[in-house]
1. Would you please state which residues of region 123-142 a label at T3 would reach in this model, taking the label point 7 Å out along Cα→Cβ and a backbone N cut-off of under 18 Å?
2. So what are the ³J(HN,Hα) numbers for region 22-30, from phi and the Karplus equation (6.51, -1.76, 1.60; θ = phi - 60°), rounded to whole Hz, Gly and Pro as x?
3. Report the label-to-label distance for I102 and E130 in nanometres (one decimal), using points 7 Å from each Cα along the Cα→Cβ vector.
4. Return the label of the correct value of percent of Cα pairs over 18 Å apart, as calculated from the structure shown, out of (i) 65; (ii) 57; (iii) 62.
5. Select from region 24-122 those trypsin sites (Lys or Arg not before Pro) which occupy a DSSP coil region and have at most 14 other Cβ atoms within 10 Å, ordered by residue number.
6. Using a probe of 1.4 angstrom, how much of the accessible area of the chain is carbon and sulfur, in percent?
7. When the chain is fully extended, how far beyond the present Cα-Cα distance does I144 get from R31, taking 0.36 nm per residue of separation?
8. Between Q57 and K121, what length comes free when the chain is fully extended (0.36 nm per residue of separation minus the Cα-Cα distance, one decimal in nm)?
Amino acid sequence: MLTKIISYIPAIIGLLTIGLFVLLNNAKSTRNRVFAVLNLFVALWLLFLFFADISHQNTVALWSLRLALFFGALVFLFFYYFALVFPFSTKINRSKLIIYSIPMFAIALMSLTPLIIPSVKIENFGAQPENINFIYTASDLIGILYLIA
């Protein structure tokens with residue numbers, strides 16, 4: 001348990017602190033706002049992974065893991081947004097941005113349902129998804145495509 005606290009909590013606090021510092025440095029800058037939101041979503045992803053790892057109840061572990069996947073999918077999307085504005089802003093029209101966002105929003109919403117993780121098994125090292133299907137793997141592949149884009 002102590003190892004999990006030592007590995008998760010400083011990272012979460014560090015991400016939130018850096019995101020807040022960058023946002024407060026210039027809250028009007030699109031770059032700073034997107035970076036702060038990216039850090040927030042990474043921190044939320046880690047927080048729910050932490051909850052899943054320390055949980056001793058299947059229901060809590062299942063929902064923690066689903067929420068971790070929800071925020072994890074949005075991390076890919078906000079990383080893509082950040083790449084569009086850092087170091088220089090890229091001109092992209094709003095309709096294309098919305099269309100490019102739909103797959104990750106759909107995956108994020110599906111991660112809250114049994115379509116991606118129907119059940120979990122609690123091991124001594126944390127919660128592990130059971131009976132995962134193709135959508136679980138496809139979400140990672142699509143996320144990697146966002147990183148490449």
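The values are calculated or read from the model by the stated rules, or taken from the named source; none is laboratory data. On a predicted model such as this, the values are computed, not experimentally measured, just so you know. Positions of Cβ are backbone-derived with ideal geometry, glycine not excepted, and every protein chain shown enters the neighbour counts. We work out accessible area using only protein heavy atoms, side chains counted, and drop any ligands, DNA or RNA first. Shrake-Rupley method; radii C 1.70, N 1.55, O 1.52, S 1.80 Å.
1. Output list for this probe position: 123-128.
2. Couplings: 5, 5, 5, 5, 7, 6, 7, 6, 4 Hz.
3. With each label point 7 Å from Cα toward Cβ, the separation is 3.6 nm.
4. (iii)
5. Sparse-neighbourhood loop trypsin sites (Lys or Arg not before Pro): K28, K91.
6. Percent of accessible area from carbon and sulfur atoms in the chain: 72.
7. Computed gain between I144 and R31 is 38.5 nm.
8. 22.1 nm
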